[in-house]
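The values are calculated or read from the model by the stated rules, or taken from the named source; none is laboratory data. Treat the numbers as computed from the prediction; the structure is a model and nothing was measured. With ideal geometry, Cβ positions are generated from the backbone for all residues, glycine too; neighbour counts draw on all protein chains shown. Ligands, DNA and RNA are stripped out before the accessible areas are found, and what is left, the full protein with its side chains, is counted by its heavy atoms. Shrake-Rupley method; radii C 1.70, N 1.55, O 1.52, S 1.80 Å.
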There are 2 protein chains.
Amino acid sequence: MAEPQPPAATTDGEPPKEPSKNALKKAQKEKEKAEKKAAAKARELAERTKQQAAAAEDISKDAYGELPLIGSKDFKPTGAQRSDLSDIASLEDKEIVFRCWVENARPQGAKLAFLNLRQGLNTVQAVVAASETLSKHMVKFAQNVSTESTLVVTGTVKRVQEPIKSATIKDFEIHVSKLFVEAKAHVLPLQVEDAERPLPTEGAAEEIKEGEGRPLVGLNTRLNHRTIDLRAKINHAIFVIKSGVCTLFQEFLGQRGFVLIQTPKILGAASEGGANVFEVKYFDKKAFLAQSPQLAKQMCIASRFQRVMEIGPVFRAENSNTARHLTEFTGLDLEMEFQENYHEVMGLLEDLMLFIFKELNSRYKKETDLVRSVYHVEDFKLPESGKVPRIPFTEGIKMLREAGEDLNDYDDLTTPQEKHLGRLVLEKYGSDFYTLDQFPLAIRPAYTMPSPHDPKLSNSYDMFMRGQEILSGAQRIHDADLLAKQMRAHDPPIDPDGPGMKDYVDCFRYGCPPHAGGGFGLERIVQFWLGLPNIRMTSLFPRDPQRVAP
Amino acid sequence: MAEPQPPAATTDGEPPKEPSKNALKKAQKEKEKAEKKAAAKARELAERTKQQAAAAEDISKDAYGELPLIGSKDFKPTGAQRSDLSDIASLEDKEIVFRCWVENARPQGAKLAFLNLRQGLNTVQAVVAASETLSKHMVKFAQNVSTESTLVVTGTVKRVQEPIKSATIKDFEIHVSKLFVEAKAHVLPLQVEDAERPLPTEGAAEEIKEGEGRPLVGLNTRLNHRTIDLRAKINHAIFVIKSGVCTLFQEFLGQRGFVLIQTPKILGAASEGGANVFEVKYFDKKAFLAQSPQLAKQMCIASRFQRVMEIGPVFRAENSNTARHLTEFTGLDLEMEFQENYHEVMGLLEDLMLFIFKELNSRYKKETDLVRSVYHVEDFKLPESGKVPRIPFTEGIKMLREAGEDLNDYDDLTTPQEKHLGRLVLEKYGSDFYTLDQFPLAIRPAYTMPSPHDPKLSNSYDMFMRGQEILSGAQRIHDADLLAKQMRAHDPPIDPDGPGMKDYVDCFRYGCPPHAGGGFGLERIVQFWLGLPNIRMTSLFPRDPQRVAP
């Protein structure tokens, strides 16, 4: 086993480059060309010798360079502690080693290089200054290091007098003593700097913002180069928040006895009506992708799992090319028994969302502020009373009519009407979050429990953020005969004995308790929390009717 | 809005049944039949009147019966606190209300009924005894309540002298004062009692266990009636543990800075070789289901997410009909930067699993013991030193050869050889969990980093529980040129410029740090932790080449 290897320039398996190899082969055929190449080679050799001589005199020659590809040659780590720049305030005047990447490198004469280095959401200014112990060769190397290369840097943390504008770390900079390139970046097809800036307004592919020379880059270009785009701090913040919403969802529900389940995504039958479903070639049969875990999670309740939750992909073959539709998104689903009234479940859903909002505001404040500052989005307003507005559907219709909308008692709302109602609710209740309860039965799925108050209504609800739907839920029918009847009466009718349906309907013949639940769209929660213009920004590698790559 | 409604027999929206309606219609056509029906109706009316008279004398008539379908008529809950039987010790001599379901009901003369009632993993004995305040009518009703019906019971918690054998709660029973059926169960196609008992040994569809009259029910029958099967306590315990493994996975990694991600399951190209992949009809194009989040999670690392994890479905179109293969299972995936050596990542993976085992033994001991008692499985052994055995592949080969197996240095292990090695490791190191490191390069995916020590080996590893693989992982190649070269040299060759591959390969041109990771099969962890004979038992609704329903 080899010696422990410090981060220094050695070779590690890569064959030495021999630029004349091809030339020699060709030379056998074309003498003239060969002579030219030989001369070039001679010049190159001379240049190399000269450089090597210079390097021999380079006092910093072991303090910079390109590291070989880390192939884990040395199984004993050097033990060098790598620092996290988040801890920089506690490291003043200490020499630290850290991995980072290059935001940019700026020369200042022959003796000075300034670099902006990034690690996670932090950026720090680093100074490489020629001195008795640091050569101009090293300064030149630092000046020319390519943007987005990964580095291992050794340097001392120094407090600065004037706050540094160009970095997120304002009060400290790094005085570099060693600088190695671990992975060199080639020329980028998209600048990360551009990915940090907002999207152009809807419709425009590119837009030049007033007072700035650079055009705003359109979403398609960004998504085509998504792995560069995702490097932007704003995008890191979005996905840290998305991860946070999942954590908070599970934390809140886990404490209340919910069991995390995984239901199948491949179904033997297109059970939920058959429209908008992706077909799968399943060996020699046809199968389908689940449009929601609806039937399976209810079957778990019938199987006596009293409270279940799921976080999983949901597939919709809708040819919708809007700013809030994806063909594959993440469902945050839950289903639970209730004792007497489905409002028990609505109350839990409201408490869940209030918990998520509160914790996003404390645990993920930095990320939230970062994203909202780019899009100049207002804070997300919640009612001071702590009571989520719970508005009967008929009352919502009334509010809209009074505000000039033309619609009937049992009409479904259009997206513009939903947004309008959101503004009205915000005005009246001071809340960007609210519940609409008792939807018309005809516009809900067949398994929805009819309302005991009005047979044209149902025990169902939607939840909204900034006037847009994030959850759809209801009390479900837990009696097999009533369910079968409602399925036959549905428009279009569903055969309760049909494939994929019989198992579902039958499971309610064996004493299933009353239950309700709902499904959130994770990406929508993130989009509307942050006020982002497009849902694609909240999906790592978004899928829509036009896009299945990268 | 109606009055708050106590759990009592009232009507709730359901139209009253009028059995003679059809008869009257037909009567207009067929007089004779109408007369018969009218006579029947008269008899029925007389019977009903008689019953009503009896009911009028029934002192308990408001204390039992079938509740109407809960349609959430009353929006104000009664406020009756429902008790959790887990808290029974603190409720001695108190009157409680609780929801439960019927394991069985046993008459004892005309004045006494014993019921076994279940709630979650608890069962309790309930006594309905005729007295001055409780009628024989009510006792008879309780004696005849159907197995698996859901009840709301009111009763007093009483300590018993002799421990009760037939219930999990040994020291208390319930003296019932009210008993309502909330949801009545029809005749069951599978007895839950049978689902509590072990599977017959492999190959047998049914088996009669020595000394017992009842045959053991085969897996297929159970899966065909999965919603009944799942009601068994053993199955509840399995899925509580499965949920627990996810929670522990996220808890451990979340504390170490891992971001939970969701990568697309629909891919535009069959990127990982093209074999064993399900094809999807994606609008007018072909798409494919992801066989793992491998490429996407690496692309996240290239996008500077330093540590990512994912819990999501994984799809394999393998025609494998074994006890440890599913076509859809849950992947617990992670990927992370490392500083100097991929053993940093292996160490984290080992610590993760030790954490999971430790916490399963404490937080999920009850569930673990319940399942293992049915299958008489031994405890899961971990090394006393706390150090997970980390065995080089070549060393594993040597151990197997010394134990009589015939195989070459760079051969892949068969399943029986893996199990054999597991037994050898258990003997030598006292551990049911171990890591095999430095696998032959030829049997690993093209993106695997070759070993710097032996070009025929690689920086890759598998982890095993009870001699069976639960994780496959490796250091990945983070240099685009080396990656493209290895892909071309792979058997079968992969085109690095091909569809779905170019975006992946290119993302390593922009300064990607060294990284490694792995993917666990969640169902396998649960299966081998509990020592279950078949992986299908760890999937709510398992998918295999023959089964896509329920």
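Below is a table of values for the structure above.
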| item | result |
| --- | --- |
| Degrees, to the nearest 10: A:415-429 long Cα axis against longest axis of chain A | 80 |
| 3J(HN,Hα) from dihedral phi, the range A:453-462, Karplus parametrisation 6.51/-1.76/1.60, rounded to Hz, x for glycine, proline | 8, 8, x, 8, 10, 8, 7, 9, 8, 10 |
| Dipole in debye (nearest 20) - the range A:423-550, about Cα centre, beta carbon charges: Lys, Arg +1; Asp, Glu -1 | 320 |
| Percent RCO, i.e. relative contact order, over chain B, from Cα pairs under 8 Å lying at least 6 residues apart | 11 |
| Cβ charges +1 (Lys, Arg) and -1 (Asp, Glu), total dipole of the range B:138-285, debye | 540 |
| Per-copy distances of the B:GLU202 label point, shortest first, in nm (7 angstrom along Cα→Cβ) | 6.0 |
| On Cα atoms only, tilt of A:480-489 relative to the major axis of chain A in degrees | 90 |
| Relative contact order (%) - the range B:329-430, alpha-carbon pairs under 8 angstrom, separation at least six | 20 |
| Area accessible to solvent at B:GLU95, 1.4 Å probe radius, in Å² | 120 |
| Dimensions in Å of the range B:66-183 - Rg and Dmax from alpha carbons | 13.9, 44 |
| Nearest-10 value in Å² for the accessible area of B:THR156, using the 1.4 Å probe | 30 |
| Residues with amide H under 5 Å from that of A:ASP544, placed H, sequence gap 5 or more | A:THR327 |
| Distance between the range B:393-437 and the range B:142-181 - C-alpha centres, whole angstrom | 53 |
| Lys, Arg +1 and Asp, Glu -1 on Cβ, resulting dipole of the protein assembly as shown about Cα centre, debye, nearest 20 | 1180 |
| Per-residue average of Cβ from other chains inside 10 Å of A:381-393 | 0 |
| Probe 1.4 Å - accessible area at A:SER385, Å² to nearest ten | 90 |
| Percentage of interatomic Cα-Cα distances in the protein assembly as shown larger than 50 Å | 34 |
| Note, ³J(HN,Hα) from phi for the range B:131-146, Karplus 6.51, -1.76, 1.60, rounded to Hz, x at Gly and Pro | 7, 5, 9, 9, 7, 5, 4, 5, 4, 4, 4, 5, 5, 9, 5, 7 |
| Between 0 and 90°, nearest 10: helix B:31-57 axis offset from chain B longest Cα axis | 90 |
| Residues of the range A:233-538: accessible area per residue with a 1.4 Å probe, Å² | 35 |
| Rounded to whole Hz, the Karplus (6.51, -1.76, 1.60) HN-Hα couplings of the range A:233-248, x for glycine and proline | 4, 4, 6, 4, 4, 4, 7, 5, 5, 4, 4, x, 4, 4, 4, 5 |
| Convex hull of Cα atoms in chain A, direction-averaged projection (nm²) | 37.0 |
| Where labels lie 7 Å past Cα in the beta-carbon direction, separation of B:ALA275 and B:LYS170 in nm | 5.5 |
| Built amide H within the under 5 Å cut-off of B:LEU260, gap 5+ | B:MET309 |
| Residue (of A:SER385, A:PHE249, A:ASN341) at the positive-pole extreme of chain A, dipole from beta-carbon charges | A:PHE249 |
| Chain B, closest residue to the rotation axis toward A, by beta-carbon, whole angstrom | B:VAL280, 2 |
| Local electrostatic count, A:GLU469, Cβ distance below 12 Å [Lys/Arg +1, Asp/Glu -1] | +1 |
| Across the identical copies, how the B:LEU121 labels are spaced - nm, sorted shortest first, 7 Å along Cα→Cβ | 3.9 |
| Of B:LYS178/B:LYS366; B:LYS387/B:LYS428; A:LYS265/B:LYS184, those spanning more than 25 Å from alpha-carbon to alpha-carbon | B:LYS178/B:LYS366; A:LYS265/B:LYS184 |
| Shielding by partners, peptide A:181-187 (average Cβ within 10 angstrom, other chains) | 5 |
| Solvent exposure, largest accessible area first (probe 1.4 Å, DNA, RNA and ligands not counted), of B:LYS233, B:LYS485 | B:LYS485, B:LYS233 |
| Apportionment of accessible area to carbon and sulfur, chain B, percent (1.4 Å) | 50 |
| Base-10 log of normalised Debye intensity for the range B:494-550 (one unit scatterer per alpha-carbon) at q = 0.13, 0.31 Å⁻¹ | -0.66, -1.23 |
| Heavy-atom accessible area ranking, 1.4 Å probe, most first, across A:PHE249, A:PHE329 | A:PHE329, A:PHE249 |
| Cβ-vector label at 7 Å, A:LYS398, separations to other copies in nm | 8.4 |
